[in-house]
Amino acid sequence: MTTVSPIGRSVCDEMTEQARLDPEVRAQLDRLRPFEEVARRIIRLRLDHGLSQEALAERVGTTKSAISRLESGQHAPNLATVERIAAAFGGHVEITFRVPAVQREAPPV
């Protein structure tokens, strides 16, 4: 028997269900996925270094609200800002592409 929380389903479960039922919701979630990944990485970096959003903003030379927006995962991150965040920790940004391999036809013999 499945137990249902007295307060209902989790946000994650609700969004999964909405995405399953509504192509527009699914498209929006797919559009936001890369932004959310960047947000999670920045949050993890900030927390690993014991910094508040305000302290990170000061290191980066931006505002707390800019860090908050970036960490929300709802906005496209500006590459220059992401580079400044990496530099604030003595690091750099690495960008990779994961694409399917190209299937080439064999040359005629």
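The values are calculated or read from the model by the stated rules, or taken from the named source; none is laboratory data. The structure presented is a predicted model; accordingly, all values stated were derived computationally and were not measured. Every residue, glycine as well, gets a Cβ built from its backbone with ideal geometry; the counts of neighbours run over all protein chains shown.
Could you list all residues from region 64-77 that are surrounded by 12 or more Cβ atoms within 10 Å (Cβ to Cβ), part of a helix (DSSP H, G or I) and not charged (D, E, K, R)?
Of everything in region 64-77, those that are surrounded by 12 or more Cβ atoms within 10 Å (Cβ to Cβ), part of a helix (DSSP H, G or I) and not charged (D, E, K, R) turn out to be A66, I67, S68, L70, S72.
Consider A27 carefully, then state whether it is modelled with pLDDT of 85 or more, closer than 24 Å to A86 by Cα, small (G, A, S) and surrounded by 10 or more Cβ atoms within 10 Å (Cβ to Cβ).
no
Check region 25-46 and report whether any residue there is assigned to a loop (DSSP other than H, G, I, E, B), without any contact (Cβ under 8 Å) to a residue 24 or more places away in the chain and over 13 Å from the mean Cα position of the chain (by Cα).
Among the residues of region 25-46, not one is assigned to a loop (DSSP other than H, G, I, E, B), without any contact (Cβ under 8 Å) to a residue 24 or more places away in the chain and over 13 Å from the mean Cα position of the chain (by Cα), which makes the answer no.
Pick out the one residue from A80, A106 that is hydrophobic (A, V, I, L, M, F, W, C), in a helix (DSSP H, G or I) and loosely packed, with under 15 Cβ neighbours inside 10 Å.
After applying the criteria, what remains is A80.
Give just the number: which of (1) in contact (Cβ under 8 Å) with a residue 40 or more places away in the chain; (2) surrounded by 14 or more Cβ atoms within 10 Å (Cβ to Cβ) does A57 not satisfy?
The failed condition is (1).
Does R69 satisfy being within 30 Å of Q18 (Cβ to Cβ) and out of contact with any helix residue (DSSP H, G or I) (no Cβ under 8 Å at 6 or more places or on another chain)?
When the stated conditions are applied, R69 passes them.
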